[in-house]
Structure formats: structure tokens, C-alpha cells
Amino acid sequence: KSSKREWKPLEDHSCTDVPWLLLFILFCIGMGFICGFSIATGAAARLLSGYDSYGNICGQKNDKVEGIVNSGLDLTHKKYVFFLDPCNIDLVHQKIKSIALCVSACPRKELKTLADIQKFAETNGSTLCSYELQPSEYTTDPRAAKLCPKYPVPESAPIPFFHRCAPVNISCYAKFAEALITFVSDSSVLHRLISGVMTSKEIIMGLCLLSLVLSMILMVIIRYISRVLVWILTILVILGSLGGTGVLWWLYAKQRLSASALETQIAKDNLQALLIYAIAATVFTVILFLIILIMRKRVALTIALFHVAGKVFIHLPLLVFQPFWTFFVLILFWTYWIIVLLFLGTTGSPVPNEEGFVEFRMAGPLKYMWWYHVVGLVWISEFILACQQMTVAGAVVTYYFTREKRNLPFTPILASVNRLVCYHLGTVAKGSLIITLVKIPRMILMYIHTQLKGKENACARCMLKACICCLWCLEKCLTYLNQNAYTATAINSTNFCTSAKDAFVILVENALRVAAINTVGDFMLFLGKVLIVCSTGLAGIMLLNYQRDYTIWVLPLIIVCLFAFLVAHCFLSIYEMVVDVLFLCFAIDTKYNDGSPGREFYMDKVLMEFVENSRKSLKEAGRGGGAEGRELKPM
């Protein structure tokens, strides 16, 4: 036997991987220290209240900075940051290349001349030129050309909570987008695209809601159409491969028989290429037919699992809303992470730069805190996703191994969350850390590859890409193994390493079934995603086409289709997760139970029919012969 330890589903619960949970808690305390340090050093006040180019925080009294003339001012009544040239954006250093001043009010209408700026200062008491100029000098002092804002000054409004004057007109943002999207040669096209998005925002929101509804409906009905989808998919693949191969051989024969086609060297090269393509397509078609022939019996298990997964969603309707909770928690964490990152950007001591203005920089080991912060982003995000996987696994395991479905807990999802919090947070922390340790080196290599683009030689570029590809493959394999390890932990309450080993043994014993589920099943779910995107896109075309005021509605349609694919991916990924958990439960059930008294199956009636059909096929083929016999032997 490959595994001597008996599986005892849901019989007892114990805490798993406690040291790793303590490590995760210590890491989170470190993340909190970074946030507290940045607030204590004044970064929060600088971020929220804003500061000018001389190191003064707006809306309060300030201390003098050595070597800076206009520092240490009392700006109690000047609470808003105003940029003299707000559209001058430096994409390389991600900042606005403009002098920043503290003003008492933002210009709520366009100011076209220095006289308008002077009148605005006299009327509203808000001086938009540098501190050393008085309003009466705006039109007479020659320094006003450098110390006053670039005119016309656009209409501005304060950003809520952040006290920055931002231009109301979108043309400034369009110029920023033009710098990012360099392939748009006609700036008017970009302006029309942005205006199309702004004017069709109600339709975009409605179509996004439609994609959400379609995804939820598909998750309910997919169990009824799974058999049809599988056979349609199989027929399309067979016809596509045969048709492609036939066309290639037809083109080769046509050019071979044409006398004029072989007169030039280019024609001969094309003929040889066609022959190579036709041979490769023929080999591919033969291999594909052999794979379909071998996997045909295991497709029935995929159909049965999809059918049972549909029943799971009927008994556990809260599973449908699982992506919402995960997305909501991730948004909360990412918001916190970005705020702390902004704090870190304004943390440190004021230092004069080359232009005579003030920058805030950290010295010593503290300047590496943002690395710790980046690791926290990856680890905690993976931890939240792993909590979702463990929650889904726990709920599906409870459903599968409860013989009488009417005896299920009132809310299996909440019961699974309770088990996760009480017993298995350490396992989730360890699994997410393993993914983090693979993902961060890959991100570093991708960053190096981006920075060295055009500078490295071909060999170094090839090695970098190979390393990135290998790390990506390793990350995907570990993610799949982690998910099955969480299922094993939910069943047996064992630690991460034991669960991963036990799950791996089960998966290896059922390798061909795993291959069938991960090819046919994944492609079925991909077809579901395509169906949702196409339906939403078609509805978008019909709605936007009737709006004659929109000259360009391609960008709104692209946004809607991308959102529809994202929503479909989130929902159908939960479906895929349920199918994977059901398969592991099914494999364990068939390995340790045979249907005899005292060893009754836990499985659903549909899966029971699959087992009976497999037994009949086994008896007809002869017990113990080939891969099929080895797979069905435990039953």
C-alpha cells in the first residue's frame, strides 16, 4: 500500500502548524510597526494635509529647515496644495514636476492671465504665486514668469481628504495617458475614447452587472449541460484537427502539382514549409486521437463530478458569494497597503535637493522597510486566497462525508470558517509562505529583465526567461498541490507537510483521472468564460450601437469584456475548486471503502453509478490488466 495511515474524515480536529502561525503573527506585527513608524514620523500628516516644495505642511505651523529660504512658515490658513503646472508629470520618477505651494482656496474657474490671478488673490485671499511675491507685484515683477503658475490656470477642485487642488478638466489626464500610450499618434482619438467612457458609464455598469448575473446562472446550470459540452468539445477538437491537417495536405498537393510554383527559391521554401507543417499536424492529430481513445472512459468521471458540483452549490448556496468576501477582504488589505506605501514615500528627514527644494529621505537600514512591505503584500494576499481555498475545501468535505445531507450544519461555510480560525490558520500561513518564496524571486527576475531590456546579450536574455518560466511552472504546481493539501487538512486535521504528502500519493495513484479532469474540465470552464464574455459583449454592442452620440465606443466595450472575463474567472474558479475537492474526496472514498457493510461509500448516487459502470468494464476487460486495472484496484 502506498499509504498506511487510514483517512478518518471529520472524526477529530486539532491545531496544525502552530509555529508557522506564530511566525505569521510576528510578521504582521512588523507590518504594523512600519505603519506606526511612518505615522509617528509625520508621514501621515504630510500625506493627508499635503506639503509644499519647501517642506512646509499645509494648515499648520512649521519648523525651519536649514538651507531652505521659504521653510518654517505659519500656514494655518492655507490648507490646500496647489501645483503651478499640474499637468507636467514625470513618468520615470512618478511625480509632478512642478513647484507646490500651500493656498487657502483652489481656483474654481479658469484664470487666463496674470491679471486674473492677481484679481483671484485679492478677491479670495488665495495667493497662487510663490510666497516671496505679493499680489500687487504679480503684473509688475519680472520674476512672476517663473514664480507664478503656468497660465491659463485650469479650473481646480480639492481632492476629498487629501487637500490637493486637482484640475477638473480631463484634458490634463488625457495628456498623462498619451505619455503612457505612445502608440496613439492622434491625441484627439484618445480624448474621444476617454469621453466615450465617461459618457457611457451607466451602460458600462449595467453590462458589468449583467456579467455578474450570467456567471451566477451558469454556475447553477452547468451541471445540466456538462455532458453536452464534453461531447461538443470532443467533436469540435476532432473536426478541427482533421480539417486543419486536410487543408495543409491539400495546399501542399496543389502547390506541388503547379508547375509555375516551383520556379523561384521562395516558392520551394514555402513548399517545404507546407510539407513540414502537414507532417507535424498529422503527428499531432494521431497523438490527439490516441489521447482521446485512452481518456474516453475517464471523461465520464469529469461529467459526474461536474454534476455533483452543481448539487453542492444547491446545498451550499453561500459558496456562490465566496468570491465577494475574498475580493472585499483583498480590497481592504490592498487599500491599507497602498496607504502605508504612500506614508513610506513621505517618511524621513527633510533634505535639500539639487533644485533647492525639500525631499524627505530615510537613512540607514530604515530605507529598506519598503522591501519588507512588498513581501507583506505578496504573503498576506496569498494568505487571504489560501483562506478561501481552505474554507471552500472544508465546506465541500463536510458535504461529501455527511451521509445524510439533511444532517448538514445550518451553514457549512460558516462552520468551515470556524474550523479554519480555530485549528488551521497555521497550515494556511505555511502554504501561502511557500508560494511567496517562489513568487518573489520570479518577480525580482521579471524586474531585472525589464530594467535590462535592450542592454543584455541574447544568452543572458534566454537564461532569464528560462528561469522566469521555470519559477512560474513551479508556482502553478505548488498552488495545485497546496489546494489539495488544504483539502487533506480539512479531512484529517493533519499538518501541512503530512497533508501534502498524503494528497500527492492519492493524486499519483489517480494520475490519468487527474489529467482528464484538468484538461476536459478546465476547457469546459474556459468555454463557460468565453460564453459569458461573448454574451456580455454582444449586449454591449447592441446597447452602444443605438447611442448615436458616441463616436468611439470601442474602449467601453473592451472594459466591459475584460470585467466580464474577470467576473467569470472568479466564479468559475470556485467551481473548479469544488470539482478538485470532490475528486480528492472521491479518490479517498474509493480507496478505503468498497460498499460492503461497515465500509459503505460516502459518495453521491451519480458517482456511485460511475463506480458500478467501472466495475462492469473491469470485469469485462479482465481484472488487473493495464492502467485502468491499476486505478480501479482499490475498489
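The values are calculated or read from the model by the stated rules, or taken from the named source; none is laboratory data. Computed from a predicted structure; not experimentally measured. Cβ atoms come from the backbone with ideal geometry, glycine included; neighbour counts cover every protein chain shown. In case anyone asks, the SASA skips ligands and DNA or RNA and just uses the protein heavy atoms, side chains included. Shrake-Rupley method; radii C 1.70, N 1.55, O 1.52, S 1.80 Å.
General observations
- Residue tally, condition open to solvent by 40 Å² or more (accessible area, probe 1.4 Å) and modelled with pLDDT under 85, over segment 402-438: 7
- Looking at Ala627, Ala587, just one residue is in contact with a helix residue (DSSP H, G or I) (Cβ under 8 Å, 6 or more places away or on another chain), at pLDDT 75 or above and among the small types (Gly, Ala, Ser), and that residue is Ala587.
- Considering residues of segment 103-126 that are β-branched (Val, Ile, Thr) and surrounded by 13 or more Cβ atoms within 10 Å (Cβ to Cβ) only, the residue farthest from Arg164 (Cα to Cα): Thr113
- Taking the criterion of being among the polar types (S, T, N, Q) and either closer than 30 Å to Glu600 by Cα or modelled with pLDDT of 90 or more (or both), the residues of segment 6-54 that qualify are Ser14, Thr16.
- Filter result for Thr551 (modelled with pLDDT of 80 or more and either outside the structural domain of Val567 (by the TED database) or under 20 Å from Ile204 (Cβ atoms) (or both)): no
- Close contacts from segment 475-500, counting a first residue that is not assigned by the TED database to the domain that holds Ile434 and a second that is part of a helix (DSSP H, G or I), with Cβ to Cβ under 9 Å and a gap of 6+ residues or different chains, come to none at all.
- Scanning segment 571-611 for residues that are assigned to a helix (DSSP H, G or I) and either open to solvent by 20 Å² or more (accessible area, probe 1.4 Å) or among the acidic types (Asp, Glu) (or both) yields a total of 11.
- Selected residue (only one of Tyr368, Tyr372, Tyr399 is in contact with a Pro (Cβ under 8 Å, 6 or more places away or on another chain) and of a type in the set (Ser, Thr, Tyr)): Tyr399
Let's see how each residue does on (1) of a type in the set (Gly, Ala, Ser); (2) closer than 30 Å to Ile434 by Cα; (3) open to solvent by 40 Å² or more (accessible area, probe 1.4 Å):
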position	(1), (2), (3)
Pro323	no, yes, no
Thr335	no, yes, yes
Ile339	no, yes, yes
Phe343	no, yes, no
Glu354	no, no, yes
Glu382	no, yes, no
Met390	no, yes, no
Val396	no, yes, no
Tyr399	no, yes, no
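- Hey, Leu632 open to solvent by less than 20 Å² (accessible area, probe 1.4 Å), modelled with pLDDT under 75, within 19 Å of Val299 (Cα to Cα) and not assigned by the TED database to the domain that holds Thr487 or not: yes
- The listed residue being assigned by the TED database to the domain that holds Cys165 and modelled with pLDDT of 85 or more, out of Lys97, Lys150, Lys61: Lys61
- Any chance Ala516 is of a type in the set (Gly, Ala, Ser), in the same structural domain as Ser215 (by the TED database) and in contact with a helix residue (DSSP H, G or I) (Cβ under 8 Å, 6 or more places away or on another chain): yes
- Top-ranked residue in segment 127-160 [being part of a helix (DSSP H, G or I) and of a type in the set (A, V, I, L, M); ranked as least open to solvent (accessible area, probe 1.4 Å)]: Ala144
- The one condition from (1) closer than 21 Å to Tyr575 by Cβ; (2) modelled with pLDDT under 90 that Tyr447 does not meet is (1).
- Filter result for the condition that a residue is open to solvent by less than 50 Å² (accessible area, probe 1.4 Å), small (Gly, Ala, Ser) and touching a Lys or Arg at 6+ places or on another chain (Cβ under 6 Å), over Ala539, Ala485, Ala503, Ala516: Ala516
- Yes/no for Pro441 being without any contact (Cβ under 8 Å) to a residue 60 or more places away in the chain, part of a loop (DSSP other than H, G, I, E, B) and open to solvent by 20 Å² or more (accessible area, probe 1.4 Å): no
- Entry remark, segment 444-459: residues being open to solvent by 40 Å² or more (accessible area, probe 1.4 Å) and farther than 16 Å from Val378 by Cα number 10 in total.
- Pair list, Cβ under 6 Å, 6 or more apart: segment 232-257 residue assigned to a helix (DSSP H, G or I), other residue hydroxyl-bearing (Ser, Thr, Tyr): Ser241/Thr285; Thr245/Thr282; Thr245/Thr285; Leu248/Tyr277
- Among (1) more than 30 Å from Val375 (Cβ to Cβ); (2) touching an Asp or Glu at 6+ places or on another chain (Cβ under 9 Å); (3) without any contact (Cβ under 8 Å) to a residue 24 or more places away in the chain, the one test that Leu525 misses: (3)
- So Thr182, is it over 30 Å from Phe321 (Cα atoms), open to solvent by 40 Å² or more (accessible area, probe 1.4 Å) and either in contact with a His (Cβ under 7 Å, 6 or more places away or on another chain) or at pLDDT 60 or above (or both): no
- Among (1) open to solvent by 90 Å² or more (accessible area, probe 1.4 Å); (2) under 30 Å from Met219 (Cβ atoms), the one test that Pro365 misses: (2)
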